[in-house]
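Derivation of every value follows stated rules applied to the coordinates shown; laboratory data play no part. These numbers come from a predicted model, not from an experiment. Positions of Cβ are backbone-derived with ideal geometry, glycine not excepted, and every protein chain shown enters the neighbour counts.
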Amino acid sequence: MSQPESPPALVLNHGLTFTELFTPEGLQRIDSLFLSRLRERDAKVHDTLLAWRSGQENLTPLQLSELLLACGPVLNDFIANLFNIREALEGGTARPEMERRYAPARATGNPITVRPQGGAVQVLAAEGFGNTGPASTQQGTGFGRWRESRWATVIARPIDAGPDLAPLRPGVRTYLAVAVWDGAAGHTGSRKMRSGWIPLVLEAP
């Protein structure tokens with residue numbers, strides 16, 4: 001009886017071994033390799049990251065979020081190269097299978113799963129129940145801060161925010177509502193806390 005073939009050994013790039021992933025020296029080497037890749041791709045982001053790490057530069061929550069988002073694509077590329085998994089990340093057979101198992105909403109094309117680009121706010125539009133989706137123009141910005149057991153959130157949008165959203169006019173009354181999901185309370189989907197309609201009138205500049 002023939003022996004079953006052994007699976008191919010996993011090999012890391014850059015001359016690294018899997019043992020080094022569990023040592024401080026190996027992690028420092030990986031960090032140095034990532035920083036080199038980041039400097040090649042975006043020297044400004046690289047310098048900002050080092051300044052924040054060393055405490056030489058204080059970043060607001062929004063600035064820190066933008067920094068991490070800027071580093072994300074470079075980190076994804078670096079990890080794909082380090083572990084030789086670029087094919088899986090770029091649409092091989094492994095990625096769809098993983099998404100079907102662990103991210104079914106994204107795998108089925110649910111538009112709500114689209115990640116905001118360049119910030120923490122995703123602008124959505126709807127004309128009725130069950131048809132919410134990303135607005136054609138994404139011009140919202142904002143950030144949240146947790147302090148003393150409370151969230152403080154700031155969201156900003158232009159007066160004219162694109163064809164999907166109603167324009168805001170000084171002196172003209174409109175309305176807004178607020179919905180809050182508390183994961184610890186089991187809130188998900190339509191299960192949430194929401195306000196009634198709140199009158200909103202912009203003051204003239």
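Tabulated results
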read-out	value
Whole-Hz ³J(HN,Hα) from phi, Karplus 6.51 cos²θ - 1.76 cosθ + 1.60, for the range 55-65, glycine and proline x	x, 6, 9, 8, 10, 5, x, 5, 5, 5, 4
For Leu124, distant residues with modelled amide H under 5 Å away	Ala135
Linear extension gain, Glu57 paired with Leu124, 0.36 nm per residue minus alpha-carbon span	20.7 nm
Amide proton proximity set for Asp164, modelled H, under 5 Å, gap of 5+	Ser136, Thr137
Ratio of Rg to Rh over the range 116-157 (Cα coordinates, Kirkwood Rh, two decimals)	1.09
Residues Leu168 and Glu148, FRET efficiency given R0 of 35 Å [Cβ-Cβ distance, rounded to 0.05]	0.65
